[in-house]
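Values in this text are rule-based calculations from the coordinates and carry no lab data. Because the structure is predicted, anything quoted here is derived from the model rather than measured. Please note: Cβ atoms are built from the backbone with ideal geometry, for glycine as well, and neighbour counts cover all protein chains shown.
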Amino acid sequence: MSRLDSMLRRLAAQRDGLNWAAGLVAARQGDALDLGLGNGRTYDHLREILPGRRIWVIDRVLQCHPSCTPPEADFLQGEAEPMLRKLAATGAGIVLAHYDFGFGIKERDVAEAGRLSPLIADVMQPGGIIVSGQPLVGFERIAGPESIARDRYLFYRT
């Protein structure tokens, strides 16, 4: 599979997975969390599928498209570990999180996801849903939409 085809498959899985997860939490109260803003495409999609919800964002730098800039109060800029601790201290109750941190080196990405998993658990409401590009630990892995290959995107319930 070409890298272009792989990217298109990943983006379609991400969108379909987020739409599916938003449906699961639609009747629940709580905030959303985007771990890894990047250029803001996912954040923009979360705004569309979760209207009226607060969407927290954590990233090292703010370098997104201007139309996808989160409100200053919702953007926690810095390394993930202290920013997750800061978010936990606010008492925010996250019902849907999207994990998209990565260095592009699989072993390093998996290690970071494992290291951050307990901190993510600290901000999640019981029964919350996590959509992740990396394997997380300490959560119940659940089957996502049938249209998404099992290892393309990962889904967890807290």
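Before rounding to the nearest 500, sum -39500 (n - 2.57) across all DSSP H runs of length at least 4 in the chain and divide by the residue total; then give [θ] at 222 nm in deg cm²/dmol. Let's see the in-between values first.
Details: 4 runs with 61 residues, N = 158.
Dividing the helical sum by the residues of the chain leaves -12500 deg cm²/dmol.
If you stretched the chain out fully between residue 146 and residue 49, how much longer would it get, using 0.36 nm times the residue separation minus the C-alpha to C-alpha distance? Could the numbers behind the result be given before it?
On the way: separation 97, 0.36 × 97 = 34.92 nm, distance 1.97 nm.
Here the segment from residue 146 to residue 49 would lengthen by 32.9 nm.
Could you check the spin-label model distance between residue 137 and residue 2? Points 7 Å from the Cα along Cα→Cβ, value in nm.
Simple spin-label model gives 3.9 nm for this pair.
Dimensions of the chain along principal axes (Cα, Å, largest first)?
The principal-axis extents, from largest down, are 43, 32, 31 Å.
Size of the dipole of the chain about the Cα centre, Lys and Arg at +1 and Asp and Glu at -1 on the beta carbon, nothing else charged, in debye to 20?
Value, rounded to 20: 220 debye.
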